[in-house]
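Written below as structure tokens is the structure these notes are about.
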Amino acid sequence: MFDIRRDADDTIILTGRLDAVSAPTARDFLARVDGDARLDFSSLDYIASIGLGILVAAQRRLVDAGGGLVLTGLGPHLREVLILAGFEAIFEFE
Amino acid sequence: MSSNDAVTPLLPVLRVLLALAPVQIFLLVLMAVDTFKLVRPRRVFVALAAGVAAAVLSFAANNALLPLTGWPLLTFALVVAPVVEETAKGLYCDWLVRSRRTGFLVDATLLGFAVGAGFGTAENIYYLREFEDPTMTTWAIRGLGTAVMHGGATALFAALRHLAAVLGRPGWRTWSWAWPAAVCFHALFNRSMTHPVAATAVLLVLLPLLLLGIHRRGERNLRAWLGRGFDRDRRLLELIREGRVLDSPLGRHLLSLGETVPPEARADMLCLLRLEAELSLAAKGMLLLRENGFATAPPAEVKEKLAELAWLEKSVGRAGRLALGEVRPRRGRDLWQRRLLAQEATD
């Protein structure tokens with residue numbers, strides 16, 4: 001199962017698996033995000049490349065509007081994959 | 001001073017613009033729709049130059065063959081010239097595909113069109129110098145028709161040649177699709193020169209549809225390859241990182257090599273696979289970012305990793321590389337993506 005919602009301090013929590021099945025849910029949620037936002041990945045079990053594509057597309061829109069996403073709670077493997085893929089150049093990691 | 005006098009000095013400029021500008025504009029549009037920026041401007045210039053070279057080669061060949069055939073010029077233009085010219089233009093495109101310098105229909109078509117555009121431009125410059133034809137229609141036909149036809153014919157050749165390579169056709173048979181298609185496209189246009197304006201109009205309607213259709217198919221394949229490949233490379237990296245390789249098919253394959261490959265070479269094989277996965281993620285990540293307008297260069301350490309990979313390939317030796325053959329990703333695209341990274345890392 002996949003879930004994406006804002007918690008009390010406005011951080012966006014991703015839970016479960018973000019793959020081809022759950023991609024539309026994430027895309028629609030992030031389409032409504034404006035300005036700066038913090039994404040917490042600590043409860044996310046898996047993110048497929050289609051999920052990464054959605055994050056990059058959202059980042060493009062937010063950066064163009066002067067905002068941006070901060071990625072937090074990244075597990076060691078996912079952090080390594082994002083660094084290898086060169087995502088450090090466009091995202092802020094915490 | 002009458003209005004004609006005012007226009008007269010502009011005629012040479014208009015003539016040059018009509019003859020040379022359309023095919024270059026066409027090429028710029030193809031470069032603009034290249035969402036993943038697979039083809040850098042420098043490579044387009046080299047392809048244009050290859051087209052000019054093909055024009056010089058064809059000019060010499062046609063001049064030598066024309067008297068030998070004894071045919072009237074029109075017959076020669078219909079039968080022999082398309083064969084000579086599409087072969088000359090096709091040589092560079094064949095090298096691009098054979099040496100894995102094209103990875104998808106997107107870059108193959110774009111570079112093919114650039115070769116044809118170089119050819120058409122060189123041909124029109126020659127005619128501009130040789131023939132003082134006053135009628136603008138002639139230059140409109142040559143610029144909007146003939147030059148664009150040359151670009152389209154070679155783009156068609158490059159796309160079909162690429163497809164044949166991806167489908168694993170052996171070298172010489174890859175020309176059996178691409179070459180006749182380009183020659184027929186070229187000869188058909190020459191044949192329709194009895195109605196030049198209509199032929200040029202039909203070309204200007206059909207060719208964009210054909211090229212953009214090929215381009216869209218190429219980008220769809222690229223996206224699918226990106227997604228599949230990214231997830232596969234990640235899983236491999238995860239297996240290696242978490243020390244679970246030996247439970248996987250890959251690990252069992254490495255263990256099954258027994259004494260055929262010395263233990264130290266097997267360790268290097270694992271390092272090679274890990275490094276390939278990391279470089280593959282770097283290439284795919286770069287393309288994913290570019291698709292969304294982030295023009296980023298690959299991470300700094302890519303250059304050292306490429307050097308280390310080359311060393312590891314030598315270290316595991318031919319036996320090791322053959323043994324890895326079954327578990328390594330598709331070699332063609334793998335080499336192309338490595339070349340793409342190396343090119344970007346040195347830019």
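The values are calculated or read from the model by the stated rules, or taken from the named source; none is laboratory data. All values reported here derive from a predicted model rather than from experimental measurement. Backbone-built Cβ (ideal geometry, glycine too); neighbour counts: all protein chains shown.
Could you check how many residues of segment A:49-59 are crowded, with 19+ Cβ neighbours inside 10 Å and either of a type in the set (S, T, Y) or within 7 Å of another protein chain (Cβ to nearest Cβ) (or both)?
5
With (1) under 15 Å from the mean Cα position of the chain (by Cα); (2) modelled with pLDDT under 95; (3) crowded, with 18+ Cβ neighbours inside 10 Å as the list, and B:L48 as the residue in question, which single condition is left unmet?
(2)
Which residue pairs have Cβ atoms under 7 Å apart, sit 6 or more places apart or on different chains, and have a first residue in segment B:106-134 that is farther than 16 Å from B:L17 by Cβ and a second that is of a type outside the set (A, V, I, L, M, F, W, C) and not in a helix (DSSP H, G or I)?
Once the first residue is farther than 16 Å from B:L17 by Cβ and sits in segment B:106-134, its partners that are of a type outside the set (A, V, I, L, M, F, W, C) and not in a helix (DSSP H, G or I) give B:V106/B:D34; B:A108/B:T102; B:L110/B:D34; B:L111/B:T102.
Tell me which residues, restricted to segment B:161-194, are of a type outside the set (V, I, T) and within 17 Å of B:R101 (Cβ to Cβ).
Step one: list which residues in segment B:161-194 are of a type outside the set (V, I, T), which gives B:161-165, B:167-173, B:175-182, B:184-193.
Hits for segment B:161-194 are B:R161, B:H162, B:L163, B:A164, B:A165, B:G171, B:A178.
Please give the number of the condition B:Y92 fails out of (1) over 28 Å from B:L212 (Cβ atoms); (2) aromatic (F, W, Y); (3) assigned to a helix (DSSP H, G or I).
The one condition B:Y92 does not meet is (1).
Can you tell me which residue among B:V33, B:V23 is in contact with a helix residue (DSSP H, G or I) (Cβ under 8 Å, 6 or more places away or on another chain) and buried (at least 18 other Cβ atoms within 10 Å of the Cβ)?
Details: B:V33 fails: buried (at least 18 other Cβ atoms within 10 Å of the Cβ).
Among B:V33, B:V23, only B:V23 is in contact with a helix residue (DSSP H, G or I) (Cβ under 8 Å, 6 or more places away or on another chain) and buried (at least 18 other Cβ atoms within 10 Å of the Cβ).
With the requirement that a residue be buried (at least 19 other Cβ atoms within 10 Å of the Cβ) and either within 15 Å of the chain's Cα centre (by Cα) or over 17 Å from B:L160 (Cα atoms) (or both), what does segment B:194-218 give you?
Within segment B:194-218, the first condition is being buried (at least 19 other Cβ atoms within 10 Å of the Cβ), and the residues that meet it are B:199-200, B:203, B:207, B:211, B:214-215, B:218.
Correct list: B:A199, B:T200, B:L203, B:L211, B:I214, B:H215, B:G218.
Residue by residue through segment A:60-78, note down the ones that are under 12 Å from the mean Cα position of the chain (by Cα) and either more than 10 Å from every other protein chain (Cβ to nearest Cβ) or not aliphatic (A, V, I, L, M) (or both). Break it down stepwise before answering.
Filtering segment A:60-78 down to residues under 12 Å from the mean Cα position of the chain (by Cα) leaves A:68-74, A:78.
Across segment A:60-78, the qualifying residues are A:G68, A:L69, A:V70, A:L71, A:T72, A:G73, A:L74.
Taking segment A:28-48, which residues are more than 18 Å from B:R234 (Cβ to Cβ), more than 10 Å from the chain's Cα centre (by Cα) and not small (G, A, S)?
Start the filter on segment A:28-48 by keeping residues that are more than 18 Å from B:R234 (Cβ to Cβ), which leaves A:28-40, A:42-43.
With more than 10 Å from the chain's Cα centre (by Cα) added as a condition, the list becomes A:28-29, A:31-36, A:42-43.
Passing the criteria: A:D28, A:F29, A:R32, A:V33, A:D34, A:D36.
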